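See structure below.
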Amino acid sequence: MSRILAIDFGEKRCGIAVTDELQIIASGLTTVATGELLDFLKKYTSEEKVETIVVGAPKRLNNVASDVEQVIGEFIKKIKNVIPGITIERMDERFTSKIAFQSMIDSGLKKKKRRDKALLDEVSATVILQSFMAAKL
């Protein structure tokens, strides 16, 4: 089987999470500067078999797309051009940052570590991926 990769897209940096090859476990992978994300994805997909990339869909409480949605749409077009053959899916990412932050607290991370925004983005990507996997069941 192939992996599923999830992206919590941000204007400065993006959290990345990935499944194991059997698509059973979602794990945080890393955080990448947004400007380096396309190169990271090209390299990662050349080394690992990835069948789907899930990109978070930021929406407001009233279900309207967030301002960053236009930037994400342009980025998805670039992914499709540079890495053809990989399915791109979207997943609602409302509340993922709050869920991620709470899971960091629940796991016992110290306050200093919880302030690490890169770690929060990586955990948020993991939450997006877990939600996507649960929706597939």
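Odds and ends about this structure:
- Panel order for 82, 127, by other beta carbons found within 10 Å of each beta carbon, from fewest to most: 82, 127.
- Cross-link check: pairs 49/77; 43/112; 59/136; 59/111; 12/77 evaluated at a Cα-Cα cut-off of 25 Å; pairs beyond the cut-off: 43/112; 59/111.
- When you filter the trypsin sites (Lys or Arg not before Pro) in segment 27-74 for DSSP loop state and at most 13 other Cβ atoms inside 10 Å of their Cβ, you are left with 49, 60.
- Ellipticity at 222 nm from helices only: DSSP H runs of n ≥ 4 in the chain, each -39500 (n - 2.57), divided by the residue count, give -13500 deg cm²/dmol.
- Check: segment 3-136 dipole with +1 on Lys, Arg Cβ and -1 on Asp, Glu Cβ, in debye: 480
- Applying 1/(1 + (r/R0)^6) with R0 = 30 Å to the Cβ-Cβ distance of residue 40 and residue 62 gives a FRET efficiency near 0.35.
- Local charge for residue 7 was computed over the other residues whose Cβ lies under 12 Å away, with Lys and Arg +1 and Asp and Glu -1, and equals -3.
A short reminder: the numbers here are calculations on the coordinates, not readings from a lab. What you see is a predicted model, and the numbers here were worked out from it, not measured in a lab. Every residue, glycine as well, gets a Cβ built from its backbone with ideal geometry; the counts of neighbours run over all protein chains shown.
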